[in-house]
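The values are calculated or read from the model by the stated rules, or taken from the named source; none is laboratory data. Fair warning: this is a prediction, and the values are worked out from it, not measured in the lab. No Cβ is skipped: glycine too gets one built from the backbone with ideal geometry, and neighbour counts run over all protein chains shown. All accessible areas refer to the heavy atoms of the entire protein, side chains included, with ligands and DNA or RNA removed. Shrake-Rupley method; radii C 1.70, N 1.55, O 1.52, S 1.80 Å.
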Amino acid sequence: MSNTQRVKAVAKYIRMSPHKVRRILNQIRGRSYQEALMILEFLPYSASGPVWQAIYSAAANAQNNYNLDKKKLFIDEVYANEGPKLKRIRPRAQGRAFRILKPTCHITVVVKSKN
């Protein structure tokens, strides 16, 4: 096993705009695992919930699958990709219909162990 083991977790089809999620990801990129969780606890954004879950899951994967210590983990990569959009219709005047696009995103977290 190498010195820096990378472990990944992906939260898929999160009902949130990737743009709003990226605002939070930028604040935790490169930080330690425990520091990132503490920051997410106190951020006032709803997107911090799914991001917290993804980071926690990545750390659990590292601990269970690779026997890594959670205290030594830090966030190597974190990004939100666009998922499929849910299409809905809003009735408008004179029989017209406007389209409503409800975005989804996939949050990917890669944690790395530092020795």
From Arg15, Arg29, Arg23, residue being open to solvent by 10 Å² or more (accessible area, probe 1.4 Å) and under 12 Å from Val109 (Cα atoms): Arg29
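Inside region 86-115, can you point out the residues that are part of a loop (DSSP other than H, G, I, E, B), open to solvent by 80 Å² or more (accessible area, probe 1.4 Å) and at pLDDT 95 or above?
From region 86-115, those part of a loop (DSSP other than H, G, I, E, B) are 92, 96, 103-104, 114-115; that's our starting set.
Now restrict to residues that are open to solvent by 80 Å² or more (accessible area, probe 1.4 Å): 92, 96, 114-115.
Within region 86-115, Arg92, Arg96 meet the criteria.
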Extreme residue, surrounded by the fewest Cβ atoms within 10 Å (Cβ to Cβ), among residues of region 46-77 that are hydrophobic (A, V, I, L, M, F, W, C) and assigned to a loop (DSSP other than H, G, I, E, B): Leu68
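Go through the residues of region 97-108 one by one and say whether even a single one is among the polar types (S, T, N, Q) and touching a residue at least 60 places away in the same chain (Cβ under 8 Å). Break it down stepwise before answering.
At the first step, the residues of region 97-108 found to be among the polar types (S, T, N, Q) are 104, 108.
Still in the running and touching a residue at least 60 places away in the same chain (Cβ under 8 Å): 104, 108.
Looking through region 97-108, at least one residue is among the polar types (S, T, N, Q) and touching a residue at least 60 places away in the same chain (Cβ under 8 Å).
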Per the filter on region 1-19, residues at pLDDT below 95 and out of contact with any helix residue (DSSP H, G or I) (no Cβ under 8 Å at 6 or more places or on another chain) are Ser2, Asn3, Thr4, Arg6
